[in-house]
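Data first, discussion second: the structure below is written as structure tokens.
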There are 2 protein chains.
Amino acid sequence: MPRQPNHDRDALIDRARDLFWRQGWAGTSMKDLERTLDMRPGSFYAAFGSKEALYALALDRYAEDGAARLATLAEEKGPFAALRAYPALVVACDTAPASACMLAKTVLETGAASHALGEKASDYLARMESRFRDLFAAAQDAGDVDPTLDPARLARRYQSDLLGLRVSAERRDVDAAALAEDIALGLDLLRPR
Amino acid sequence: MPRQPNHDRDALIDRARDLFWRQGWAGTSMKDLERTLDMRPGSFYAAFGSKEALYALALDRYAEDGAARLATLAEEKGPFAALRAYPALVVACDTAPASACMLAKTVLETGAASHALGEKASDYLARMESRFRDLFAAAQDAGDVDPTLDPARLARRYQSDLLGLRVSAERRDVDAAALAEDIALGLDLLRPR
DNA sequence: GGTGTTGTTGAATGATCGTTCAAGATTATA
DNA sequence: TATAATCTTGAACGATCATTCAACAACACC
């Protein structure tokens, strides 16, 4: 008997993710959200509960998409080639709201320990790192990476390199594509001898 | 004939830098500043003009200190050893307001192109990178780094690695010291063969 | 000790913050 | 077509935002 919502919840979360990704947590006001989502306060709070709850949904969406993109890449090219291609892929997309990782931006802005959103983002970063670890282990099994190296350690370094790349890409006067290539070239040094 | 201020301007800027560094631009309110600096609005605006002007001063202070620390390290240990020691040094200081670089946090929060503070921070990052380039060049002259490599390219990668390290250090469950060591070990691969 | 200059105070400004809620609009079922 | 359930609207809330300013306090010089 009810009236049905005249908006697509999935599309709204996508748009909110892009807005939060670009402007950050404190930098995004309810006015901004109302304009971007074309929603009035009442509908917004009925649909999402609060600004923070929607940010949490946006983080979920962001992390899901990132994990899916990595998984697809690994399926298409195999573990080592995926790790090698991922940095360039992440930086190449110029339609993205920002070059920097939304998880990293969230951790930096809210703090990984003090704020619930920061904790969530930090957890997602850890989850991504363990995906990288799995890929490095698989690359070792495939004979593409020196089997004496520690996959967890490689993943930690790789994750850090990616975060640095994506911060650098936000700067002016930095050739992010060249930097991504340098990171990929660094991976070749891990090949068994 | 005038009355003299009852505060130490240098100390105030230091405290403001620490507060902004920890809480960011939008995350720091005038109430926060009044409490931390023990100043009432009138004194604050007479002394600094605006919140943004003080943030700019804090950025200057932060960049000066960073450059001075690097210069001291280079003087004490020589260029290559300084580059090798710097990552661990940056992460080791647990009295700092945050592990992440204040310049990077500013760029991520305000945008390197859209906001005056972001532009300033981006410029300071570029200036640090050119210091790194000079150190790599000096390390080549000293025979510590393969002379066929491009110092600017090495500096770009090194700067990115540092930014990644310092973002990672903000996360929970990341051994920043071990990561810093891995970065230092990576520099050894640049030695001439 | 008065005078002039500057620093400090704290209330007040208008704007914007995130959020609430009563009233009206819409639609599937009875 | 009446009813019930849900969604949407938009005004209003108290809190906080960065900033201003008139009144007061303090100190160097005549």
Tally of residues being among the aliphatic types (A, V, I, L, M) and facing another protein chain (nearest Cβ under 9 Å) across segment A:82-114: 7
Suppose we filter A:D94, A:D10 for residues that are away from DNA strand C (no atom under 12 Å from the Cβ), modelled with pLDDT under 95, farther than 22 Å from B:S168 by Cα and of a type outside the set (V, I, T); which single one remains? A:D94
Within segment B:33-49, count every residue that is more than 23 Å from the chain's Cα centre (by Cα) and either within 14 Å of another protein chain (Cβ to nearest Cβ) or more than 10 Å from DNA strand C (Cβ to nearest atom) (or both). 2
Going residue by residue through segment B:115-135, is there one that turns out to be in a loop (DSSP other than H, G, I, E, B), within 14 Å of another protein chain (Cβ to nearest Cβ) and surrounded by fewer than 21 Cβ atoms within 10 Å (Cβ to Cβ)? yes
The residue that is nearest to DNA strand D (Cβ to nearest atom), considering only those in segment A:62-86 that are surrounded by fewer than 18 Cβ atoms within 10 Å (Cβ to Cβ) and within 15 Å of A:D14 (Cβ to Cβ), is A:E64
Among the listed residues B:D150, B:D182, B:D175, B:D146, which satisfies the condition of being of a type in the set (D, E), in contact (Cβ under 8 Å) with a residue 40 or more places away in the chain and on the phi < 0 side of the Ramachandran plot? B:D146
Taking the stated definitions as given, is A:A56 more than 14 Å from every other protein chain (Cβ to nearest Cβ), within 16 Å of DNA strand C (Cβ to nearest atom) and either crowded, with 21+ Cβ neighbours inside 10 Å or within 18 Å of the chain's Cα centre (by Cα) (or both)? yes
Checking A:A92 against (1) touching a residue at least 60 places away in the same chain (Cβ under 8 Å); (2) within 16 Å of DNA strand D (Cβ to nearest atom), only one condition comes out false. Which one? (2)
Answer yes or no: is there a residue in segment B:7-15 that is assigned to a loop (DSSP other than H, G, I, E, B), more than 9 Å from DNA strand D (Cβ to nearest atom) and over 27 Å from B:A100 (Cβ atoms). yes
I'm told A:G42 meets every condition in (1) of a type outside the set (D, E, K, R); (2) within 14 Å of DNA strand D (Cβ to nearest atom); (3) within 12 Å of A:I13 (Cβ to Cβ) except one. Can you identify the failing condition by its number? (3)
When residues of segment B:97-114 are limited to those that are at pLDDT 95 or above and surrounded by fewer than 19 Cβ atoms within 10 Å (Cβ to Cβ), the one farthest from A:T110 (Cα to Cα): B:P97
Going by what's in this entry, would A:A88 be described as in a helix (DSSP H, G or I) and more than 8 Å from DNA strand C (Cβ to nearest atom)? yes
Count of residues meeting criterion [more than 19 Å from B:A104 (Cβ to Cβ), more than 10 Å from DNA strand D (Cβ to nearest atom) and not in a helix (DSSP H, G or I)] in segment B:16-38: 1
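The values are calculated or read from the model by the stated rules, or taken from the named source; none is laboratory data. Computed from a predicted structure; not experimentally measured. Because the Cβ atoms are built from the backbone with ideal geometry, glycine has one as well, and the counts that use them run over all protein chains shown.
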